[in-house]
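Notes follow once the structure below has been shown.
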Amino acid sequence: MAIILPELPYAYDALEPYIDEETMHLHHDKHHQTYVNNVNAALEKHPEIGEDLESLLANVEAIPADIRQAVINNGGGHLNHALFWELMTPEETAPSAELAAAIDAAFGSFEDFKAAFTAAATTRFGSGWAWLVVNKEGQLEVTSTANQDTPISEGKTPILGLDVWEHAYYVKYRNVRPDYIKAFFSVINWNKVDALFAAAK
Ligand code: MN
């Protein structure tokens with residue numbers, strides 16, 4: 001067994017004009033495939049630890065030292081991207097009443113949540129991700145991580161994530177990360193976020 005690249009749940013051009021087709025091809029077919037190839041190469045050195053990346057990344061200290069950083073980088077890269085594709089859709093969706101109420105309770109309003117998430121995505125220096133997570137206390141929280149680090153390694157369950165590596169937006173948005181962040185809000189798959197929220201509570 002090996003980890004395989006999941007197919008996109010929509011066509012490569014489905015998220016146009018917000019996320020362009022060329023970016024989706026490069027991002028999915030090249031970048032994500034590379035994380036898959038590299039994590040498989042690392043895991044092959046230690047077949048005894050299995051391939052359950054969520055479990056492995058929940059306790060990184062238990063990963064053999066010689067492959068630990070490779071699994072953090074590439075296993076995280078695979079998990080983050082596999083989730084990211086599912087968190088977007090060309091369909092119009094909206095948060096469920098339960099999630100909307102939880103967002104209001106945690107942040108004050110949806111607009112306040114959006115501002116907090118946008119700030120996290122904008123201010124993450126260099127490469128990384130912005131997240132909406134359910135933390136250990138069961139509360140919603142906006143956070144960000146560097147590189148391909150996953151909130152799972154901090155005991156948090158990601159329910160929404162935005163890739164802010166330059167490879168995610170540079171073809172269309174060049175250096176203007178804020179425009180890409182704004183566009184992302186037009187393609188969020190709230191049905192998926194709802195399902196992850198319900199499962200995490
Ligand atoms: Mn990426």
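The values are calculated or read from the model by the stated rules, or taken from the named source; none is laboratory data. Keep in mind that what you see is a predicted model, and the values were worked out from it rather than measured. All Cβ positions, even for glycine, are placed from backbone atoms using ideal geometry, and neighbour counts span all protein chains on display. For the accessible areas, the whole protein counts, side chains as well, though only heavy atoms, and no ligand, DNA or RNA atoms are used. Shrake-Rupley method; radii C 1.70, N 1.55, O 1.52, S 1.80 Å.
Seen from all sides and averaged, what is the projected area of the convex hull of the Cα atoms in the stretch 1-85, in nm²? Reported value for the Cα convex hull: 5.6 nm².
Solvent-accessible area per residue in the chain equals 48 Å², computed with a 1.4 angstrom probe and all protein chains kept. Neighbours of VAL36, meaning other residues whose beta-carbon lies under 13 angstrom from its beta-carbon, give a summed charge of -3 when Lys and Arg score +1 and Asp and Glu score -1. Just to be sure I understand the curve: with the Debye formula and one point per C-alpha of the stretch 103-156, what is log10 I(q)/I(0) at q = 0.30 Å⁻¹? Debye intensities relative to I(0), on a log10 scale: -1.15.
Taking amide hydrogens as placed 1.01 Å from N in the peptide plane, the amide H of TRP165 sits under 5 Å from those of GLY128, each at least 5 positions away in sequence or on another chain.
Each stretch of four or more DSSP H residues adds -39500 (n - 2.57); spread over every residue of the chain, this sum gives -12000 deg cm²/dmol at 222 nm. On C-alpha positions alone, give me the angle between the axis of helix 33-43 and the longest principal axis of the chain, in degrees, nearest 10. Approximately 40 degrees, to the nearest ten.
Within the listed set GLN148, GLN69, GLN33, the residue fluctuating most in the Gaussian network model of the chain (springs between alpha-carbon atoms under 10 angstrom) is GLN69. Contact order for the chain, expressed relative to its length and based on alpha carbon pairs under 8 Å spaced 6+ residues apart, stands at 25 percent. Taking the convex hull of the alpha carbon positions in the chain and averaging its projected area over all directions gives 10.8 nm². Taking a ≥ b ≥ c as the square roots of the eigenvalues of the Cα gyration tensor, an a/c ratio of 1.5 or more together with a/b no larger than b/c marks the stretch 122-199 as oblate.
In this simple spin-label model, placing a label point 7 Å from the Cα along the Cα-to-Cβ direction at both ALA11 and ALA70 gives a separation of 3.9 nm. Principal-axis analysis of the Cα atoms of the chain puts helix 97-107 at an angle of about 90° to the longest axis. Angle, helix 110-123 long axis vs. longest principal axis of the chain, Cα atoms, 0 to 90°, nearest 10? Taking the Cα atoms of the chain, the angle to 110-123 is about 40 degrees. Close amide H pairs (under 5 Å, H built 1.01 Å from N) link MET88 with ASN189, residues at least 5 positions away or on another chain.
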